[in-house]
Amino acid sequence: MGNLCCSPSQGSPAKNFHKTPFEGRTSIVSDPNPRYHPDPKRNNVDFVRSRVAKSGRTRVVVAQYSYMARDANDVSFHKGDRMEVLDDSDGDWLKVCHLTTNIVGFIPENYVAEESAVQSKDWFMENVSRKEADKLLMNTANSRGTFLVRPSEHNPEGYSLSVKDWDDQRGYHVKHYKIKPLDNGGFYISTNNVYPTLSALVEAYAKNAFGLCHVLSHPCPKPTPQMWDLGPTYKDKWEIPRDEIVLGRILGKGNFGEVYLGRWKDSKDVAVKTLKQGTMSTQAFLEEAAIMKKFRHNRLVALYGVCSKEEPIYIVQEYMRLGSLLDVLRKDQGKTLDFRDLIYIAAQVASGMKYLESKQLIHRDLAARNVLIGDNNTAKISDFGLARVMDDDQYQLKHNSRFPIKWTAPEGITKGIFSIKSDVWSYGILLMELFTYGQVPYPGMTGPEVVELVLKGYRMPKPNNPKITEDIYRIMLTCWDAKPENRPTFEFLTHYFEEFDVTTELPYKEVDY
Ligand code: AMP
């Protein structure tokens, strides 16, 4: 519900939301010009707000980003706004009372941070890897000295400081420093300068570089977080009323039907996959959707819901503006991707697959055509059409199923056995597609020729292409090891590509990754 004002906290604040309006409480005058919600009912002012400060037991969160309400149940807010949490029992949506507008409703949990926590700092980024930090800081809008702090990927207690720098030789680049914790509290980069908190450390280095490449000038803008639902109404249900979606242009054609750009409630772009009648059972199509809905990772395309009441059935998913990786690589756009970008894409795909590996899910159709690209070369894995959760650790192909031969591991072709290791094989083929800018694998060869040769031990040779270094080609070959168990894990591959570009320059004794 989004149109009640806040009720008082009693006991545990997060669980004590009362639907009934309050009696006998002092009225306070709230913002005379409610800023956000067009519905006046949702800007009710008749309640006491001061309890937040008095009780000392309430949980207050601060908005890290602005958010515009999408349906009758959620609350709009601006970056920096404070909200009291009334119910946090749903993982993705918090029920809150906005402490300025007094509107009660749901907000996306990942748009806010605990007021007192380090996550609420402009410069702190919780889920950012070293590669992503590079990418964010290298945005041309960021000047020298722009920085962020993130949890260390290697030391669970430690953090890393990433700073954008410039010099004549390398132009703009990013340097990373270890922030080490002390056993009895406190943090340091250099043992000469120890600080009680991360904030104190950042403040000090914002005034004086103390040996860093540059003083810390501006916090790096945080990217808007991923949303997993269209709005709180859809947090527990996934049937979307068809009339909420207006179809626009065709984005592409898939195996089972067209994919359209859609607009949900005139407020959000979505991609709509339609199921051509007679190509696949409704049941199988919905199974694909169910799998996508269940698995969430920032390197997997999000599924918002389905329209399954009438034909053609729609799957409504996150819209990725640049379309499939294969198309991007083959178009002019692809030419603008430099080596660093290709490595970044390889790392992101490996990271999404690492997540599937950890969930014991096999994709079974991993290829450049099934990776989608968004802004800033964000890559996400799509098309779980053939995906299956493994009962054991491998999946036996049913008769008559079709599979993409040039991407399929030998044991998949000969025995119909698929496992996460056959996905690793496909990932090796995807790497070849990536570094050859979308060339068809095994150029000039037919599927049956490829099968015959691969089973005899033939592997795609290293193309005469300076982007495919010996190291990268060796990684491809390990992905194509005849014995599945000898192929690397996606965890290893993620680490490999995440760390690929590690600078050898040590600008400071404590330089880190
Ligand atoms: P598919 O049915 O998944 O093979 O999709 C066919 C084509 O539609 C892809 O190659 C993309 O060009 C486009 N497409 C599919 N899903 C999306 C999406 N979520 N965002 C943008 N384009 C998409």
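Derivation of every value follows stated rules applied to the coordinates shown; laboratory data play no part. Keep in mind that what you see is a predicted model, and the values were worked out from it rather than measured. Don't worry about glycine lacking a Cβ; one is built from the backbone with ideal geometry, like all the others, and counts go over all protein chains shown.
Simple spin-label model, 7 Å along Cα-to-Cβ: residue 71 to residue 236 in nm?
Each label point is offset 7 Å from its Cα along the Cβ direction, giving 1.2 nm.
Using each residue's phi in the range 239-254, evaluate 6.51 cos²θ - 1.76 cosθ + 1.60 at θ = phi - 60° and report the 3J(HN,Hα) Karplus result to the nearest Hz, with x for Gly and Pro.
7, 9, x, 4, 6, 7, 10, 10, 7, x, 6, 6, 8, x, 10, x
Spin-label point model (7 Å from Cα, Cβ direction): what's the residue 140 to residue 477 distance in nm?
4.0 nm
Which cross-chain or sequence-distant (5 or more) residues have an amide H under 5 Å from the amide H of residue 165, H modelled 1.01 Å from N in plane?
Residues meeting the amide H criterion: 145, 173, 174, 175.
With a 10 Å radius around each residue's Cβ, average the other Cβ atoms per peptide and rank 434-443, 315-324, 421-430, highest first. Kindly include the intermediate steps, with their values, before the conclusion.
Numbers: 434-443: 17.8, 315-324: 21.1, 421-430: 25.6.
So the order, starting with the most tightly packed, is 421-430, 315-324, 434-443.
How many nm separate the modelled label positions at residue 126 and residue 453, each set 7 Å beyond the Cα in the direction of the Cβ?
The modelled label-to-label distance comes out at 5.0 nm.
Mind ordering 81-90, 469-478 by average Cβ neighbours within 10 Å, highest first?
Details: 81-90: 18.8, 469-478: 15.2.
Ranking the peptides 81-90, 469-478 by packing returns 81-90, 469-478.
Within the range 133-152, what residues put their amide N at less than 18 Å from the label point 7 Å along the Cα-to-Cβ vector of residue 218?
From the range 133-152, the list is 133-149.
Taking a virtual spin label 7 Å from the Cα of residue 204 along the C-beta vector, which residues in the range 160-179 bring their backbone nitrogen under 14 Å of it?
179
Considering the Cα positions of the range 324-498, please state its Rg to one decimal place and its Dmax as a whole number of Å.
15.1, 43
Given Cβ point charges of +1 (Lys, Arg) and -1 (Asp, Glu) and nothing else, what value in debye, to the nearest 20, does the dipole of the range 208-273 about its Cα centre take?
Working: 10 positive and 8 negative charges, 28 e Å.
Using only the charged Cβ atoms, the result is roughly 140 debye.
Tell me which trypsin sites (Lys or Arg not before Pro) from the range 127-194 have a DSSP coil assignment and no more than 12 other beta carbons within 10 Å of their own. Could you put the intermediate results ahead of the total?
Details: sites: 130, 131, 135, 144, 164, 170, 175, 178; in loops: 144, 170.
In loop regions of the range 127-194 (DSSP not H, G, I, E or B), the sparsely surrounded trypsin sites (Lys or Arg not before Pro) are 170.
What are the lysines whose alpha-carbon lies under 29 Å from the alpha-carbon of residue 462, with same-chain residues fewer than 8 places away excluded?
Within reach: 131, 135, 331, 335, 354, 380, 406, 415, 421, 483.
Looking at the calculated P(r) for the range 232-317, what percent of the C-alpha pair distances fall above 16 Å?
Details: 1834 of 3655 pairs.
Within the range 232-317, distances greater than 16 Å cover 50 percent of Cα pairs.
Non-local amide H neighbours of residue 152 (under 5 Å, H modeled in plane, Pro and chain starts lacking H): which ones?
Here 158, 159, 160 satisfy the definition.
Between residue 92 and residue 116, what is the FRET efficiency for a Förster distance of 22 Å, r being their Cβ-Cβ separation, to the nearest 0.05?
Numbers: r = 22 Å, r/R0 = 1.01.
Efficiency, from the Cβ-Cβ distance: 0.50.
Taking K and R as +1 and D and E as -1, what net charge do the other residues with C-beta under 9 Å from the C-beta of residue 355 add up to? Present the calculation step by step, with values, prior to reporting the outcome.
On the way: positive: 296, 299, 354, 359; negative: 357.
So the environment of residue 355 carries a net charge of +3.
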